[in-house]
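For reference, the structure discussed in these notes is given below.
The values are calculated or read from the model by the stated rules, or taken from the named source; none is laboratory data. Keep in mind that what you see is a predicted model, and the values were worked out from it rather than measured. Positions of Cβ are generated from backbone atoms using ideal geometry, with glycine treated the same way; all protein chains shown enter the neighbour counts.
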Amino acid sequence: MALLAIVVGQGTFLSALAQVPNDETALRTIIERYFAAYASKDVDAMVRLWSDKSPNLEQTTTRLKEFFSLNKQIETRYLTFGQWKTATEHATAPVTLMVSAIDEQTNEPALGGGKQSHTLSFVKEAGEWKIWRDVTAEEELAEELAVAQSDEARQALLIANKELANVKLRRALVAQGIALRVKGNYQQALAVFDLARKHAEDIDDKEGIGDAWNQSSYIHFLQSKFDKALEGYEKGLVQCDASGQKNCIARSLQGIGTTHLYKGNVSLALEFYQKELAQCQEVPDGKACVGSALGDIGNAHLQKGEYERAIEYYRNSLVIAEEFGNKGNTATAFERIALAYSRQDKHVEALENYQKSLSLLQSLGDKGRIGRVLGGMGSSYGNLGAFELALDNLQRSLAIRKELGDKLGLAVTLENLGWLHLKRSDYASAMIFFEQSLAASEAIPFKNGIAASLNGIGIVHNRQGNFTLALHYYKRALELAETQQQRATIDHAQ
């Protein structure tokens with residue numbers, strides 16, 4: 001979403017104000033202040049003009065900060081207002097602008113310049129107008145494309161709006177895909193990312209092609225299709241590298257590293273995370289990118305058993321996420337810190353951080369990550385002996401992971417249910433969950449999960465006096481665990 005400043009002659013503007021009704025005058029004043037604040041990169045001033053109840057505010061704030069970090073020498077001029085629509089408590093104002101900017105990384109004119117059409121929506125709160133939404137024509141088209149029921153319908157929309165076939169439409173499509181992914185609508189999100197990639201290919205937008213590959217690969221990763229994810233991330237890296245966009249390159253490297261981490265290749269993952277950090281450090285105003293890379297490096301240290309070092313990286317990442325007001329990244333940092341504490345059997349501290357993460361994720365409606373955090377909380381409650389709380393959280397996690405088709409998360413949660421019942425000496429239930437976890441892990445395949453499940457089955461047999469069977473499963477688990485560089489149980493947190 002591009003948000004632009006307007007430049008108008010003060011005398012002309014004030015003269016026009018005297019000729020319009022009071023509500024329209026107030027709305028025009030807000031719009032002038034809104035885009036004037038944009039011209040000076042004053043995010044706080046822009047946010048103050050929004051309703052804090054708007055569901056679009058956080059996303060807009062994030063995009064503003066990203067736009068400011070990537071572009072400089074923004075030049076804009078005001079063209080015209082369209083037809084106003086004003087009711088007692090609601091209003092809309094179409095605005096058309098021209099914009100140009102210079103890309104911070106390439107020192108070339110930024111993509112997406114030229115004519116911009118926006119529709120600003122307002123709501124009246126306590127007698128004062130507040131911005132509710134700022135949407136471009138490309139974003140409106142992307143919304144229609146995302147809900148279109150067939151390829152034919154999408155094609156008809158694109159033909160009818162061919163003047164919007166630009167980089168801004170690709171970005172809007174990616175934003176739509178991300179929103180669908182967060183809600184757990186993975187197949188629909190994949191279809192939108194595929195559309196974004198094809199559109200980027202049509203306009204020779206290499207960064208867009210790479211970004212679309214990265215986004216679709218992340219969904220394949222969430223579905224535990226690691227080889228398919230790795231293939232997509234590598235294709236994304238080629239395109240991002242060709243575009244010269246450091247942020248895009250960093251996202252591809254992050255995806256490749258995380259996929260290797262979950263495949264058990266910790267050293268290789270750390271290598272890619274270090275490359276990711278190097279790219280982020282070359283991004284002008286790339287502090288947010290650096291924060292993400294620091295968290296990824298922390299993950300590698302976590303899987304190596306270097307917990308204090310991991311926490312150090314996580315806390316540095318948390319500081320940056322909070323500085324930028326990014327709830328998603330803040331939630332991730334709290335979750336990672338919680339996981340590091342749980343690995344050290346500090347479950348009270350772990351739960352404190354899990355709760356902070358959960359609250360943020362619930363405000364975002366991120367179902368996949370909510371399921372993951374509930375699983376972590378269930379394990380910590382179990383280790384504290386709070387069986388009912390543990391069981392409740394693990395069962396809620398299990399339901400979400402089944403719903404989303406999260407195969408890896410499903411395997412991990414089944415395994416944790418096995419450990420929970422083992423603590424209660426409910427050997428029959430423990431065996432059922434360990435066997436289900438084993439089957440789920442083998443289907444991926446998830447070697448660390450296989451080893452952990454085999455170990456759990458061995459413990460059950462040992463407790464029941466079946467020593468020959470116990471030894472058999474222990475040996476299988478040990479043989480597999482020795483081929484891995486990380487703990488037998490890898491927690492689903494990234």
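Observations, loosely collected:
- Residue within the range 248-256 that is at pLDDT 95 or above and out of contact with any helix residue (DSSP H, G or I) (no Cβ under 6 Å at 6 or more places or on another chain) present: no
- Residue within the range 382-405 that is more than 26 Å from residue 179 (Cα to Cα), buried (at least 24 other Cβ atoms within 10 Å of the Cβ) and out of contact with any His (no Cβ under 7 Å at 6 or more places or on another chain) present: yes
- Matching residues, the range 316-345, being in a helix (DSSP H, G or I) and out of contact with any Leu (no Cβ under 8 Å at 6 or more places or on another chain): 318, 319, 321, 322, 323, 329, 332, 335, 341, 342
- Of the residues making up the range 437-449, those that are buried (at least 16 other Cβ atoms within 10 Å of the Cβ) and outside any helix (DSSP H, G or I) number 2.
- Among the residues examined, residue 293 qualifies as surrounded by 19 or more Cβ atoms within 10 Å (Cβ to Cβ), outside the structural domain of residue 64 (by TED's automatic domain parsing), in contact with a Cys (Cβ under 7 Å, 6 or more places away or on another chain) and at pLDDT 95 or above.
- Checked against the criteria, residue 304 counts as out of contact with any strand residue (DSSP E or B) (no Cβ under 8 Å at 6 or more places or on another chain), over 25 Å from residue 246 (Cβ atoms) and not hydrophobic (A, V, I, L, M, F, W, C).
- Scan the range 286-304 for residues that are outside any helix (DSSP H, G or I) and either over 22 Å from residue 72 (Cβ atoms) or free of Cβ contacts under 8 Å to residues at least 12 places away in the same chain (or both) and the total you get is 1.
- Meets criteria (touching a helix residue (DSSP H, G or I) at 6+ places or on another chain (Cβ under 6 Å) and in a helix (DSSP H, G or I)) for residue 189: yes
- Tallying residues that are under 14 Å from residue 123 (Cα atoms) and aliphatic (A, V, I, L, M) within the range 19-58 yields 6.
- Here the helices (runs of 4 or more DSSP H) wholly within the range 200-273 that include at least 2 residues being surrounded by fewer than 19 Cβ atoms within 10 Å (Cβ to Cβ) are 226-243.
- Residue list for the range 93-142, filter: among the charged types (D, E, K, R) and surrounded by fewer than 20 Cβ atoms within 10 Å (Cβ to Cβ): 103, 104, 108, 115, 124, 125, 128, 130, 133, 140
- Tally, over the range 316-338, of residues that are among the charged types (D, E, K, R) and crowded, with 16+ Cβ neighbours inside 10 Å: 3
- Flag for residue 361 being of a type in the set (A, V, I, L, M), more than 19 Å from residue 310 (Cβ to Cβ), crowded, with 22+ Cβ neighbours inside 10 Å and in contact with a Ser or Thr (Cβ under 7 Å, 6 or more places away or on another chain): no
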